[in-house]
Every structure is written in C-alpha cells, then in structure tokens.
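For reference, the structure discussed in these notes is given below.
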Amino acid sequence: MVEISANASAIVAILNGQNGDPFAVLGPHGNTIVAMLPGATGVEAVSRHDGSSLCRLEQVDQAGLFAGQTKSLVPYLLRIDWHGVAQETEDPYSFGELLGAFDIHLLAEGRHRDLATCLGAHAITQDGIPGVRFAVWAPNARRVSVVGDFNSWDGRRHPMRHRYDAGVWELFIPRLKPGARYKYEIVGPTGNILPLKADPVAGSAESAPATASVVADPTPFVWTDADWLKTRTGRQQNDAPISIYEVHAASWMHADGNPLDWDGLADRLVPYAVGMGFTHLELLPIMIHPFGGSWGYQPLGQFAPTAELGTPQAFARFVDRCHEAGLGIILDWVPAHFPNDAHGLAQFDGTALYEHSDPREGLHRDWNTLIYNVGRNEVRGFLIASALHWLEHFHVDGLRVDAVASMLYRDYSREPGEWVPNIYGGRENLETVAFLRELSEIVHKRCPGTLLIAEESTAWPGVTAPVVPEAGFNLGFDFKWNMGWMHDTLHYMEEDPINRRYHHDEITFGLVYAFSERFVLPLSHDEVVHGKGSLFGKMPGDTWQRFANLRAYFGFMWTHPGKKLLFMGGEFAQPREWNHDVSLDWHLLDQPLHRGMQLLVRDLNLAYVGLPALHALDCDPAGFRWLIGDDRANSVFAYLRSGGDTTALVICNFTPVPREGYRIGVPAPGLWLERLNSDAAVYGGSDIGNSGAVLASDIPSHGLPASLLLTLPPLATLILHQEILRA
C-alpha cells in the first residue's frame with residue numbers, strides 16, 4: 001500500500017468531499033502522486049514527454065482515492081480507465097497558483113475593474129496545456145468544487161484551491177473546452193452542501209429554464225466600429241439630439257412564432273430604428289436572468305447576455321451593426337436587487353455574501369428580491385466591474401441604471417420599524433450614494449463619452465450634477481428620467497378635452513423644474529403594462545380623436561425640453577397592452593391611421609434632429625420661452641425653442657375645436673415655415689393648417705415685436721420655424 005504524506009484527517013476530508021485544501025493531499029508530493037477519481041477502475045501515470053509509464057496508481061480507498069510512487073517525478077499525464085473507456089489528461093493538481101499576486105490584491109480590496117478577465121471560467125493555455133481556469137469568490141465556504149458533465153457533477157472530483165487573502169477559489173482543468181456546462185458545488189461554513197451555484201461572473205449560460213453556466217468561446221470579436229467610437233462623445237452630449245427607441249428584444253418581432261435572434265434583430269430592428277429617425281436603441285435588461293416574465297429586471301448573471309437570443313459574440317455583432325448604421329445602444333442595468341433563486345447569488349457561500357443579512361436592509365418586499373450590499377467593497381467592485389464590462393467589452397454606449405430611488409432611501413416601500421436608519425439616524429442610504437458616485441467617476445474616467453442614465457423618481461438633488469467632494473450627495477449621472485413630467489402629462493391627456501382646462505397646470509408644471517437636472521422624457525414600458533393599457537388606450541374620445549390626441553401628445557413631447565424615449569409599439573399606436581410573450585402587432589401598419597402615426601413619429605424625429613432649436617439647448621433654460629401658458633379656456637399652449645442659429649415656434653391645441661385667427665407673437669417678421677402639423681392628412685388628420693407657411697406681421701404680441709395669425713387644427717401640435725436666408 002502506497003503511503004500518502006497528508007495527515008489522516010485531511011485524507012478523510014478528501015474522501016468525504018469536505019477538504020478545503022485539496023492541493024495538500026492531491027497531486028504530486030515528492031515522488032508520490034495522489035488522485036481522487038470516484039468511479040475509475042484503473043489509473044496510470046505516464047510521461048507527458050514520451051508516454052512511457054511512470055507508475056500505476058493503486059486504489060487506496062473504495063471512494064476512489066488512488067496513489068502511486070514514481071522513481072523520479074517528471075511532467076506527467078493521468079491515464080484513467082473509466083470502466084473500459086480511456087481518458088488521458090494532465091493532473092489538475094499538478095499546476096501551481098493561477099491568479100497573480102496583483103489580481104489577488106485587487107480582489108481583496110474590491111477594486112478589480114476587469115473582474116470578468118479574472119473570475120469566472122476562461123479557456124486558456126496554462127504551462128503549455130490548453131484547458132479552462134475557474135475562479136470564484138466564496139470567502140466563507142469550507143470547500144468549493146467545479147462540477148459539470150465532464151466529472152458527472154461529482155463535487156469530489158475537482159475541489160478548488162483557496163486563495164485566502166481574497167476569499168477566492170481557483171482551479172485549472174486541463175483539456176476542458178469552451179461550451180462545457182458547469183456550476184460550483186459549495187460546502188458552507190456549517191459543513192452543509194449548498195444547492196449547486198451558477199457562476200456570478202459567467203461569460204455564457206444555458207437558456208432558461210436551464211441554469212448551468214457555460215465556458216465561453218474565448219475568440220476575440222473583431223470590431224469595425226472605430227469611426228463610431230471616435231464620434232460618440234459628440235453624439236451623446238447635452239446639446240446633441242438623443243431620441244431613444246426602447247425595446248424588449250424578445251418581443252419586438254417574431255418569425256415563425258419565435259423571437260428574432262441577435263442577427264435577425266441586426267437585419268430588421270437596426271434599419272427600422274434608423275429609418276424611423278431614432279438616434280439610440282435602449283434594450284430592457286439582456287443580462288442572464290432565470291425568468292422571462294421579469295423582462296430581465298431580475299438578473300443573476302451580470303457579465304453576459306442571456307442565451308435566448310444567441311451567443312455573446314452574436315450580441316457583439318448586433319452592437320457593431322448598430323454602430324455601423326449610426327445608432328447608439330443603451331442597456332438597462334440593474335444594480336439594485338437580484339432574485340433569490342437557489343442557484344444564484346442568494347446565500348452564495350452559505351452566508352449573506354452579496355446581500356444584506358438583515359431583511360430590513362436586504363429584502364425587497366415589493367419584488368421578493370434581495371438587495372445588494374453595496375457597502376461591502378467586493379460587492380461594490382463586482383457591480384462596477386459589470387458596468388465597465390458592458391461598456392468596454394461589448395462597446396455599448398450607455399447604461400440606464402434601474403430603480404435608483406429604491407437604492408437611495410432606506411425606507412423605500414417600508415413602514416416605520418421595518419427599516420434601519422443610517423449612522424446619522426436618517427433615511428438616506430449613504431452606502432448607495434458612495435457606490436453611485438464611485439460608479440460615475442470610474443465610468444466617466446475609463447469610458448469617456450458613454451452615458452449613465454438614472455431611473456430616479458424622487459426629488460433627490462444633484463442626480464445629474466458632477467461628483468465633487470464639496471457636494472457629497474451629487475450622483476454624477478449624465479441624464480435622469482423625468483418621471484414627474486411623464487405622470488403629469490399622461491394624466492392630462494387621459495382627461496376628456498372638455499375637462500382639460502381644470503388640469504392645465506399638469507402641462508405647465510414640468511417647466512418649473514425642467515432644467516434642475518438633465519432630463520430624458522420617458523414614455524417607457526412601465527406605462528403599457530400591468531393593466532395600464534397602451535398609450536393609445538389612454539387617449540379619450542372616439543377612434544379618430546384617440547389617434548389625434550396621441551399625435552398631438554407626441555408633438556408636445558418631441559418639442560418639450562429634454563431628450564426623448566418611446567417604448568416600442570407606441571410609434572404606431574398599438575391598441576393592446578404590451579405582452580412580453582408575443583410579437584408587436586405589425587399587421588396594424590396595413591391600416592392608414594396606424595401607418596400615419598408611425599410616419600408622424602419618424603417626422604418628429606427628423607425635425608428634432610434637423611432643427612437645432614429643438615435639441616441644442618435641451619438642458620438650458622435659455623432654449624425655452626413660454627408664449628402662451630395660461631389659455632385654460634382653450635387648452636392652447638405656445639412656446640419658443642431656440643438653439644444654434646434656429647428658432648422654432650410650437651403650438652399645441654388640446655381640444656377638438658379648430659381655432660381661426662389665433663395670434664401668437666414671434667421674435668421677427670418674415671416667413672415662418674410650417675415644419676410639422678400633426679393634423680396633416682398624411683398622418684391621418686383632418687388637414688387643417690396654414691398651407692405650409694405664414695408671413696409674420698410687425699404687430700407686437702406676447703412681448704415680441706412681430707406676430708403670426710394662425711389657424712390651429714383640432715387636437716394637434718404645430719411646429720414652425722423661420723426661414724433663414726444666408727448670403
């Protein structure tokens with residue numbers, strides 16, 4: 001019987017799958033080679049150089065422990081007999097430490113910004129041998145093993161080395177190839193084996209409802225978007241036109257009853273969005289998530305796209321195609337919470353690792369999800385590394401950070417006694433503030449020109465103000481969704497026009513704070529789900545009036561200060577509420593009124609992009625002036641937009657009554673062109689208007705030296721601008 005140098009308790013722990021230091025027992029020790037191969041019927045060590053036999057390993061325990069002695073230890077292979085099936089491979093326990101000292105140092109501090117290159121599963125060549133390096137953070141585990149089809153999901157086969165300084169476990173499995181399915185089997189601090197865990201930093205995963213991680217293809221993607229990246233900063237500044245088409249990728253369009261994959265979306269969605277005049281696509285979360293009904297807002301894999309629409313390389317191709325077409329790409333990103341699925345982050349190493357241990361801090365009762373403990377360095381670093389991964393590795397142009405309000409307030413959706421105050425006794429979540437400020441600083445330093453957009457629905461000050469030491473609550477986002485504008489104006493539009501005079505302030509109030517932050521005006525997916533109906537369904541009146549109301553509202557939105565966002569289906573007035581399981585109702589475009597709505601949205605985008613007055617000073621009060629904000633009786637609003645060397649006049653008539661001879665002041669006499677009339681026949685309107693142009697007289701009005709005498713069409717928005725004559 002071959003003697004094993006390890007002590008008896010360590011050997012017993014290996015046999016029982018409880019040893020947290022497998023390299024102390026397994027692998028080469030002096031001239032002795034020890035291997036744990038449950039189910040093997042024979043093992044031989046052979047020279048890696050010439051295949052000659054070094055020794056046969058004896059089975060020293062029925063559980064599958066083998067040991068043998070060689071005359072001299074040289075690089076070797078294990079030739080394993082699996083009941084007549086031969087396998088020849090290097091010994092995983094003959095390799096030294098894998099992660100470098102600097103990686104370990106950064107991981108220990110929670111400051112490893114390239115986490116996806118360090119943790120997770122990576123097909124590499126180690127000491128000249130191809131295989132896969134695994135690494136996972138589980139500091140409180142007693143033992144961690146890699147399991148998969150390659151070892152019959154047996155946690156005794158591949159226990160990992162513990163790098164104590166960083167709480168990271170690592171192992172190189174030789175000859176393993178990309179495409180292998182795997183999880184981690186973890187023994188918690190109390191000695192219990194946890195449910196198998198998916199890799200938090202997986203580069204790929206199975207399609208739901210399957211939950212295994214997958215070793216990703218390491219082939220680098222060849223990008224062709226260098227020209228786009230050079231111009232991106234200018235395309236995404238405050239004075240640029242930004243019009244966003246928000247999309248749930250799996251339900252935008254189906255073919256043969258199935259969602260388009262990334263290549264199909266590149267062929268269909270990208271040219272559609274460009275043809276509609278949008279400048280950006282925003283995708284609901286595409287990160288790995290176990291339940292499609294969450295629309296991606298309960299992700300478990302923060303470093304890879306869901307497999308339902310294709311591989312990570314296919315998603316990279318999609319982004320590249322967007323950039324080739326001149327289209328920016330924004331992803332919804334969720335650092336606020338994660339689902340409690342047993343295979344996910346919850347109690348990952350048997351302790352509250354990613355989440356708070358106290359449910360008053362760590363449980364979202366509204367969503368039955370767990371809250372990231374961003375006060376922990378490693379968790380904060382995990383999330384920041386995720387954000388950087390999408391921006392740098394996948395070249396996306398921005399992230400819309402979901403549910404920021406729920407992160408900022410410790411009492412969010414909690415009753416008294418159900419939350420823990422901060423160290424000063426207040427409700428502000430100081431750890432979240434520090435996290436968001438750090439996120440902003442790092443993203444803007446490493447990825448200049450990219451966007452961080454906050455979904456934040458409260459009056460928190462300085463969401464889009466720069467991060468500076470003297471303003472400790474500024475968050476540093478580039479833009480913020482204007483939820484107040486959306487709620488107020490939609491409520492106004494839902495009223496019957498005869499009652500709108502009593503809700504007049506719901507249109508004007510948004511201008512009181514329109515420049516307090518840099519805003520995006522969102523008509524998002526949240527407004528067309530959970531029984532709220534569609535945008536079209538919210539409009540009052542008969543069929544014609546509902547279309548006219550929505551056209552007028554879009555005209556108001558596209559001319560109001562702020563960048564634009566519209567959820568898919570709204571652009572052609574889909575009547576039904578959005579259903580994530582089925583495609584949009586594209587057949588409606590056979591009907592003139594729906595096709596007219598689509599044409600209007602396209603023309604609004606073209607006007608928004610083409611007229612600097614409508615976008616150049618979106619975030620500056622100098623770009624807006626009320627002319628008529630007090631005509632409650634007629635529900636008429638008029639304002640000037642200015643920017644660049646252009647001025648635009650906008651008039652909204654939110655009643656079904658045409659108004660003849662309506663005088664409105666303008667800055668100068670001369671010819672004013674009717675750039676857009678939402679009541680035009682081509683959009684499905686009654687074609688009442690001003691024959692394309694109006695000559696301003698020198699009759700002063702509304703504090704301006706000249707004025708126009710206009711015909712205001714019913715339930716419509718007009719955009720006029722002065723023709724500029726250049727020498």
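The values are calculated or read from the model by the stated rules, or taken from the named source; none is laboratory data. If you're wondering where the values come from, they're calculated on a predicted model, not measured in any experiment. Because the Cβ atoms are built from the backbone with ideal geometry, glycine has one as well, and the counts that use them run over all protein chains shown. Only protein heavy atoms, including side chains, enter the accessible area calculation; ligands, DNA and RNA are left aside. Shrake-Rupley method; radii C 1.70, N 1.55, O 1.52, S 1.80 Å.
Between L511 and E109, the simple label model (points 7 Å from Cα in the Cβ direction) yields a spacing of 5.1 nm.
Checking the cross-link pairs K532/K564; K71/K177; K445/K480; K230/K445; K71/K183; K183/K480 against a 26 Å limit on the alpha carbon distance flags K71/K177; K71/K183; K183/K480 as lying beyond it. Residues whose amide H falls under 5 Å from that of A336, counting only those 5 or more places apart or on a different chain, are absent, with hydrogens built in the peptide plane. Dimensions of segment 577-721 from C-alpha coordinates, computed as largest minus smallest value along each principal axis and given longest first, are 55, 33, 27 Å. Seen against the Cα atoms of the chain and their longest principal axis, helix 483-494 is set at about 50 degrees. For G533, no residue 5 or more places off, or on another chain, has a built amide H under 5 Å of its own.
Each eigenvalue of the Cα gyration tensor of the chain, multiplied by 5 and square-rooted, gives one semi-axis; in descending order these are 61, 25, 21 Å. Per residue, the chain exposes 37 Å² of solvent-accessible protein surface, assessed with a 1.4 angstrom probe and all protein chains in place.
Placing R0 at 45 angstrom, the Cβ-Cβ distance between D590 and D225 gives a FRET efficiency of 0.80 after rounding to 0.05.
Placing unit charges on the Cβ atoms of the charged side chains and taking the dipole of segment 103-224 about its Cα centre, the candidate lying farthest along the positive direction among L171, A141, C118 is A141.
Split the accessible area of segment 102-232 by element, probe 1.4 Å, and carbon with sulfur accounts for 53%. For segment 275-429, the share of DSSP beta bridges that are antiparallel, to the nearest 5, is 55%.
Within the accessible surface of segment 284-430, defined with a 1.4 Å probe on protein heavy atoms only, the carbon and sulfur portion equals 49 percent.
Working note: Karplus 6.51/-1.76/1.60 with θ = phi - 60° gives segment 626-635 the couplings 5, 9, 9, x, 10, 8, 5, 4, 9, 6 Hz, where Gly and Pro are set to x.
Ordering N340, L309, H248 by Cα displacement along the dipole of segment 238-376 toward the positive end leaves N340 in first place; charges were set at the Cβ atoms of Lys, Arg (+1) and Asp, Glu (-1).
Each of S457, P159, V650 was scored by the projection of its Cα onto the charge dipole of the chain, and the greatest displacement toward the positive side belongs to V650; charges sit on the C-beta of Lys, Arg, Asp and Glu. How far is helix 430-446 tilted off the main Cα axis of the chain, in degrees rounded to 10, range 0 to 90? For 430-446 against the chain, the angle is about 90 degrees.
Taking packing as the residue-averaged number of other Cβ atoms within 10 angstrom, the listed peptides 340-346, 85-91, 196-202 run from highest to lowest as 196-202, 340-346, 85-91.
Arranged from highest to lowest average of other beta-carbon atoms within 10 Å per residue, in what order do the peptides 220-232, 327-339 appear? Display every interim value, and only then the final one.
Working: 220-232: 13.2, 327-339: 23.5.
Listed from highest to lowest mean packing, they are 327-339, 220-232.
Put a plus charge on the Cβ of each Lys and Arg, a minus charge on the Cβ of each Asp and Glu, and nothing anywhere else: the dipole of the chain about its Cα centre is then about 460 debye. May I ask for the percentage of alpha-carbon pairs in segment 102-190 that lie more than 17 Å from each other? Distances greater than 17 Å cover 49 percent of the Cα pairs. With Rh defined as the Kirkwood radius, the inverse of the mean 1/r over Cα pairs, the Rg/Rh of segment 1-152 is 0.98. Ordered by residue, what ³J(HN,Hα) values in Hz, to whole numbers, does segment 47-53 give under the Karplus form 6.51 cos²θ - 1.76 cosθ + 1.60, where θ = phi - 60° and Gly and Pro are x? These are the phi-based 3J(HN,Hα) values: 5, 5, 6, 10, x, 6, 6 Hz. Seen against the Cα atoms of the chain and their longest principal axis, helix 226-235 is set at about 50 degrees.
Under 5 Å between amide hydrogens, built in the peptide plane, is the criterion, and for Y76 it picks out R48 among residues at least 5 positions away or on other chains. Using a probe radius of 1.4 angstrom, the carbon and sulfur fraction of the accessible surface of segment 454-605 is 54%. Derived value for segment 540-604: Kirkwood hydrodynamic radius 12.6 Å. Basis is the mean of 1/r over every pair of different alpha-carbon atoms.
Karplus-based coupling profile of segment 19-27, in residue order and whole Hz: 7, x, 9, x, 5, 6, 10, 8, x, with θ = phi - 60° in 6.51 cos²θ - 1.76 cosθ + 1.60 and x standing for Gly or Pro.
Note that segment 310-429 carries a Kirkwood radius of 16.2 Å, evaluated over its alpha carbons pair by pair.
About its Cα centre, segment 1-147 has a charge dipole of approximately 240 debye under the convention of +1 per Lys or Arg Cβ and -1 per Asp or Glu Cβ, with nothing else charged.
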